[in-house]
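Participant: Take a look at this one; I'll ask things after.
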Amino acid sequence: MYGIIDCDNCYVSCERVFRPDLNGKPVIVLSNNDGCVVARSNEAKRLGIKAGTPYYQVTQQFPGQDIAVFSSNYELYGELTGRVIDIIGKAVPAYYRYSIDECFVYLDGMEHVGLKHWGEELHEKIRRSVGMPVSIGVAPNKTLAKMASHFAKKYPGYHHCCVIDSDEKRVKALKLYPIDEVWGIGRRYAARLESLGVKTAYDFACHSASWVRLTFRNTVIERTWRELNGEDCVPNEKVTRKKNICTSRSFNGMVTDRGDLRTHVSNYAVRCAEKLRRQGSVTSVVGVFLHTNMFREDLPQYSNYLETRLITPTSNTTDIVSAAVALLEKLYRKGYHYKKAGVIVTGVTASSPIQQDLFDTDVTLLRKRRRLDAVIDRINKVYGSETVVLGSQQYTRADGGKADVFANTIRHDHRSKNPTTRWSDIIELT
């Protein structure tokens, strides 16, 4: 049997952990730069707020409504969901983190356990320990487990845990489940299926394997069909290293100054280096892209991408930042209003062994850089992101001082504090 554990309205629930006064009230979380709605509480959904709605339209469409608004705070969300994963890891034989708010669990050897009762107890333990509500779906395969978690979240009578453990329950679930909600059926395929008269998962499952194969010629769709019919054929995931890593963002406004662009690119390069070290990898190719706002037809347009190959694969922050900044100098064109930039590292491999530069014999320097990276990572983990930064990551204020590292990068007017990761944000009792 498989299970999937899904944090209910994850970003909203994270914000409510330290704001219990918001329970039962409409809450929304915005995307980067406070652009549009990316997460909604059930109360906000009932008001009619749609995912993807621009924030300025929310205030226009729902005047007078007491809606709590938060900017995305991924540091907080990552910390709290990490605590949820820690609890899950101690409760199951094996698990695989599918996304920030979802985790597949493998329940081999737990057949003798009452899985319904087990799921309800696990939900309660997570709620008491972290303050996060979760929904748990259990079934003979992953596709049906995803379906079960949907019912656990939607219907209170399941008490946060739905188990599909018989053919009768499977058929009943299929008949109630819209085809566009099925895991593995994308929007394009869902539209095609609906045009063929397939409205529910049951309609799809009732077709023959030959019909599915001839109609779609797609192994993923056929695998989904088999799972809906009770087979277990989606392969078990293994945590694999990413082969390339990209960090990019649209600017809060447009940027023309070369120095500001250098700071943005430095920040993105630092992020890539941190991600490489986190997964125990190094990169041999660093790339940078830059482009203007394509929607501003009144302004001249420019976009470009360059990359460079490193002699020695590395995850060292200064090496990757230096390479990225050098590329930016070649990309930059004066007179343009830039809207977005990004850093991409490719040629990602394991951090050991590494082919060294034949002419670089200073092994001591390499070890010192590794230790420095490890110390900075540890400090930033204990005291909060950006506690220690490179000089190139800081913006210069008009008075010549240094501004917040991300002050000009992301707009977050409604961002909450991080009481679990920053001493400066620790909760004060009065």
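Participant: As an exercise: evaluate ARG188 against (1) open to solvent by less than 40 Å² (accessible area, probe 1.4 Å); (2) modelled with pLDDT under 90; (3) in a helix (DSSP H, G or I) and give the number of the one condition it does not meet.
Facilitator: It fails just one condition, (1).
Participant: Being closer than 25 Å to ASN229 by Cα, among the polar types (S, T, N, Q) and at pLDDT 90 or above, is that true of even one residue in the stretch 114-135?
Facilitator: Keep residues of the stretch 114-135 that are closer than 25 Å to ASN229 by Cα, which gives 114-116, 119, 135.
Within this subset, residues satisfying the condition of being among the polar types (S, T, N, Q) are 135.
Add one more test, that the residue is at pLDDT 90 or above, and what stays is 135.
Scanning the stretch 114-135, I find at least one residue that is closer than 25 Å to ASN229 by Cα, among the polar types (S, T, N, Q) and at pLDDT 90 or above, so the answer is yes.
Participant: Of all the residues that make up the stretch 199-227, how many are in a loop (DSSP other than H, G, I, E, B) and either acidic (Asp, Glu) or buried (at least 19 other Cβ atoms within 10 Å of the Cβ) (or both)?
Facilitator: Residues of the stretch 199-227 that are in a loop (DSSP other than H, G, I, E, B), as a first pass: 199, 206-208, 217-218.
Going one step further and asking which of them are either acidic (Asp, Glu) or buried (at least 19 other Cβ atoms within 10 Å of the Cβ) (or both), we end up with none.
Number satisfying all stated conditions: 0.
Participant: I need the full set of residues from the stretch 147-173 which are closer than 20 Å to PHE104 by Cβ and of a type in the set (Asp, Glu), in order please.
Facilitator: Residue satisfying the conditions is ASP165 alone.
Participant: Filter the stretch 29-52 down to the residues that are surrounded by 19 or more Cβ atoms within 10 Å (Cβ to Cβ) and over 15 Å from ASP8 (Cβ atoms), then identify the one that is modelled with the lowest pLDDT.
Facilitator: Across the stretch 29-52, the extreme among qualifying residues is ASN33.
Participant: Limited to the stretch 28-67, what total is found for residues that are among the hydroxyl-bearing types (Ser, Thr, Tyr), in contact (Cβ under 8 Å) with a residue 12 or more places away in the chain and part of a helix (DSSP H, G or I)? First the steps, then the outcome.
Facilitator: Applying the first criterion (among the hydroxyl-bearing types (Ser, Thr, Tyr)) to the stretch 28-67 yields 31, 41, 53, 55-56, 59.
Filter once more, keeping what is in contact (Cβ under 8 Å) with a residue 12 or more places away in the chain: 31, 41, 53, 55.
Restricting the remaining residues to those that are part of a helix (DSSP H, G or I) gives 55.
Adding up the residues that qualify gives 1.
Participant: Taking GLY230, is it in a loop (DSSP other than H, G, I, E, B) and either open to solvent by less than 30 Å² (accessible area, probe 1.4 Å) or of a type in the set (Gly, Ala, Ser) (or both)?
Facilitator: Values: in a loop (DSSP other than H, G, I, E, B): yes; either open to solvent by less than 30 Å² (accessible area, probe 1.4 Å) or of a type in the set (Gly, Ala, Ser) (or both): yes.
Judged against the criteria, GLY230 is a match.
Conditions (1) buried (at least 19 other Cβ atoms within 10 Å of the Cβ); (2) of a type outside the set (Asp, Glu), marked per residue:
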site	(1), (2)
THR283	yes, yes
PHE289	yes, yes
ASP298	no, no
GLU307	no, no
THR312	no, yes
THR317	yes, yes
ALA323	yes, yes
LEU327	yes, yes
SER352	no, yes
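Participant: Pairs needed: first member in the stretch 365-389, closer than 22 Å to HIS264 by Cα; second member anywhere, in a helix (DSSP H, G or I) and among the hydrophobic types (A, V, I, L, M, F, W, C); C-beta distance under 8 Å; at least 6 residues apart or different chains.
Facilitator: As it stands, the answer is ASP373/ALA273; GLY384/TRP423; THR387/ILE379; VAL388/ILE376; VAL388/ILE379; VAL389/VAL270, since those pairs meet every condition given.
Participant: Go through the stretch 91-171 and tell me which strands (runs of 3 or more DSSP E), entirely inside it, have 3 or more residues that are surrounded by 18 or more Cβ atoms within 10 Å (Cβ to Cβ) and small (Gly, Ala, Ser). First the steps, then the outcome.
Facilitator: Details: elements: 94-99, 102-106, 134-139, 161-163.
In the stretch 91-171, the matching strands (runs of 3 or more DSSP E) lie at 134-139.
Participant: Does the stretch 74-124 hold any residues that are under 20 Å from the mean Cα position of the chain (by Cα) and acidic (Asp, Glu), and which are they?
Facilitator: GLU75, GLU79, ASP86, ASP101, GLU102
Participant: Another question about this same structure. When residues of the stretch 68-81 are filtered for being part of a helix (DSSP H, G or I) and open to solvent by 20 Å² or more (accessible area, probe 1.4 Å), how many remain?
Facilitator: Quick first cut of the stretch 68-81, residues part of a helix (DSSP H, G or I) only: 74-81.
When the remaining residues are screened for being open to solvent by 20 Å² or more (accessible area, probe 1.4 Å), the result is 74-75, 78-79.
Going through the stretch 68-81 one residue at a time, the tally reaches 4.
Participant: Test of understanding: among THR409, THR421, which residue is in a loop (DSSP other than H, G, I, E, B), modelled with pLDDT of 50 or more, within 18 Å of THR247 (Cβ to Cβ) and open to solvent by less than 40 Å² (accessible area, probe 1.4 Å)? Walk me through how you get there before you give the answer.
Facilitator: On the way: THR421 fails: within 18 Å of THR247 (Cβ to Cβ).
Result: THR409 is the single residue among THR409, THR421 that is in a loop (DSSP other than H, G, I, E, B), modelled with pLDDT of 50 or more, within 18 Å of THR247 (Cβ to Cβ) and open to solvent by less than 40 Å² (accessible area, probe 1.4 Å).
The values are calculated or read from the model by the stated rules, or taken from the named source; none is laboratory data. As the structure is a computational prediction, the values presented were derived from the model and not from experiment. Don't worry about glycine lacking a Cβ; one is built from the backbone with ideal geometry, like all the others, and counts go over all protein chains shown. The protein model used for the area step is the full one, side chains on, heavy atoms only, and it has no ligands, DNA or RNA in it. Shrake-Rupley method; radii C 1.70, N 1.55, O 1.52, S 1.80 Å.
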